[in-house]
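Peer 1: Below: one structure in structure tokens.
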Amino acid sequence: MNAVAWMDRTFYPGFARNWDDRLFRERILAAMPDSAEILDVGAGAGIIEMMNFRGIARRVCGVDLDPRVTANPYLDEGRVADAGAIPFEDSRFDLVFSDNVVEHLDDPGTVFAEIFRVLKPGGRFLFKTPNRFHYMPLIAQATPHGFHQWVNRKRGRAEADTFPTRYRANSAPKVRQLAAATGFELEHLELVEGRPEYMRLSPITYAAGIAYERTVNLAGFLKTLRVLLMATLRKPE
């Protein structure tokens, strides 16, 4: 019997691959108004099935520097563009979302301001990103990009889909600061620790990850060390 698979079934029976994206999808669906036009910032090639909202939203647009965005099957329209200069008009979208993109931004203030601009009054910006105070981002900040590619290759992700990280908007205080500076209301912010995906390489590393997960979830004062940061920002009406 595969030991890691046994530990999956024993300690995390309710978790599946990409559990964090499934959770984020629930948050997006709950915030999405009927007949919404939405924008995926950092849509890329469309490798995360849970970020497919075609047939649910009225129209799904996306932007990314990766030219594969134009063929993203989850989009009605994909444009090659920097998130700091979104090529759509003011007050266009009902909802904007970004899945594991904020950690890659060189200038998050400019990107947040652009998202604010293209949102309709009352529209929401939802994003999911690693919390920079969790051990994995701390390791990532101390290691070269080639190491990140190696780790993700072990986890089944292609090198082409592993991008350099900056972690310039990846803590609760920083999110609050950026929201205030760009005019957003911070509607919701949560920190979540679940199955330790990066530690599922061997039974030994997995056991260490489980111990960490149990500790930061049981001790409320350690919640700032949880891996997943999800936020909902709202543009005032």
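The values are calculated or read from the model by the stated rules, or taken from the named source; none is laboratory data. The structure presented is a predicted model; accordingly, all values stated were derived computationally and were not measured. As a convention, Cβ positions derive from the backbone with ideal geometry for all residues, glycine included, and neighbour counts pool all protein chains shown. For the accessible areas, the whole protein counts, side chains as well, though only heavy atoms, and no ligand, DNA or RNA atoms are used. Shrake-Rupley method; radii C 1.70, N 1.55, O 1.52, S 1.80 Å.
Peer 1: With respect to ASP82, is the statement that it is within 19 Å of LYS120 (Cβ to Cβ) and either modelled with pLDDT under 95 or out of contact with any Gly (no Cβ under 7 Å at 6 or more places or on another chain) (or both) true?
Peer 2: Details: within 19 Å of LYS120 (Cβ to Cβ): no; either modelled with pLDDT under 95 or out of contact with any Gly (no Cβ under 7 Å at 6 or more places or on another chain) (or both): yes.
Considered against the rule, which asks whether it is within 19 Å of LYS120 (Cβ to Cβ) and either modelled with pLDDT under 95 or out of contact with any Gly (no Cβ under 7 Å at 6 or more places or on another chain) (or both), ASP82 comes out as no.
Peer 1: If you don't mind, there's one more thing I want to ask. Restricted to region 49-61, and to residues that are among the hydrophobic types (A, V, I, L, M, F, W, C) and surrounded by fewer than 19 Cβ atoms within 10 Å (Cβ to Cβ), which residue is farthest from GLU77 (Cα to Cα)?
Peer 2: Just the residues of region 49-61 that are among the hydrophobic types (A, V, I, L, M, F, W, C), to begin with: 50-51, 53, 56-57, 60-61.
Okay, now just the ones that are also surrounded by fewer than 19 Cβ atoms within 10 Å (Cβ to Cβ), so 50, 56.
Numbers: MET50: 18, ILE56: 15 Å.
Filtering region 49-61 for residues that are among the hydrophobic types (A, V, I, L, M, F, W, C) and surrounded by fewer than 19 Cβ atoms within 10 Å (Cβ to Cβ), the one farthest from GLU77 (Cα to Cα) comes out as MET50.
Peer 1: Residue by residue through region 33-48, note down the ones that are crowded, with 17+ Cβ neighbours inside 10 Å, out of contact with any Lys or Arg (no Cβ under 7 Å at 6 or more places or on another chain), touching a residue at least 60 places away in the same chain (Cβ under 8 Å) and of a type outside the set (A, V, I, L, M). First the steps, then the outcome.
Peer 2: The initial filter retains those residues of region 33-48 that are crowded, with 17+ Cβ neighbours inside 10 Å, namely 36-46, 48.
Checking the rest, the ones that are also out of contact with any Lys or Arg (no Cβ under 7 Å at 6 or more places or on another chain) come to 38-43, 46, 48.
Pick out the ones that are also touching a residue at least 60 places away in the same chain (Cβ under 8 Å) and you get 39, 41-42.
Correct list: GLY42 only.
Peer 1: Please pick out the residue among TYR212, TYR206, TYR198 that is part of a helix (DSSP H, G or I), at pLDDT below 95 and surrounded by 15 or more Cβ atoms within 10 Å (Cβ to Cβ). Reasoning before the result, please.
Peer 2: Working: TYR212 fails: at pLDDT below 95; TYR206 fails: at pLDDT below 95.
Of the residues listed, the single one that is part of a helix (DSSP H, G or I), at pLDDT below 95 and surrounded by 15 or more Cβ atoms within 10 Å (Cβ to Cβ) is TYR198.
Peer 1: Output the number of residues of region 70-124 satisfying the condition of being surrounded by fewer than 22 Cβ atoms within 10 Å (Cβ to Cβ), of a type in the set (S, T, N, Q) and within 12 Å of GLY42 (Cβ to Cβ).
Peer 2: Within region 70-124, residues that are surrounded by fewer than 22 Cβ atoms within 10 Å (Cβ to Cβ), of a type in the set (S, T, N, Q) and within 12 Å of GLY42 (Cβ to Cβ) number 1.
Peer 1: While we're looking at this one, here's another question. Considering only residues that are under 16 Å from the mean Cα position of the chain (by Cα), within 30 Å of ALA208 (Cα to Cα) and modelled with pLDDT of 95 or more, which ones fall in region 1-47?
Peer 2: TRP19, ASP20, ASP21, ARG22, LEU23, PHE24, ARG25, GLU26, ARG27
Peer 1: Here is a follow-up. Restricting to region 63-104, name every residue that is part of a strand (DSSP E or B) and farther than 14 Å from LEU119 by Cα. Working first, answer last.
Peer 2: Keep residues of region 63-104 that are part of a strand (DSSP E or B), which gives 63-64, 77-80, 93-99.
Within region 63-104, VAL63, ASP64, GLU77, GLY78, ARG79, VAL80, ASP99 meet the criteria.
Peer 1: Scanning region 1-32 for residues that are touching a strand residue (DSSP E or B) at 6+ places or on another chain (Cβ under 8 Å) and open to solvent by less than 60 Å² (accessible area, probe 1.4 Å), which turns out farthest from GLY122 (Cα to Cα)?
Peer 2: Step one: list which residues in region 1-32 are touching a strand residue (DSSP E or B) at 6+ places or on another chain (Cβ under 8 Å), which gives 20-21, 23-24, 27-28, 31-32.
If we keep only those that are open to solvent by less than 60 Å² (accessible area, probe 1.4 Å) too, we end up with 20-21, 23-24, 28, 31-32.
Working: ASP20: 26, ASP21: 24, LEU23: 23, PHE24: 20, ILE28: 15, ALA31: 11, MET32: 12 Å.
So, considering only residues that are touching a strand residue (DSSP E or B) at 6+ places or on another chain (Cβ under 8 Å) and open to solvent by less than 60 Å² (accessible area, probe 1.4 Å), the one farthest from GLY122 (Cα to Cα) is ASP20.
Peer 1: A further question follows. Looking at (1) in contact with a helix residue (DSSP H, G or I) (Cβ under 7 Å, 6 or more places away or on another chain); (2) surrounded by fewer than 19 Cβ atoms within 10 Å (Cβ to Cβ); (3) among the hydrophobic types (A, V, I, L, M, F, W, C), which is the one condition that is false for ALA231?
Peer 2: ALA231 satisfies every listed condition except (2).
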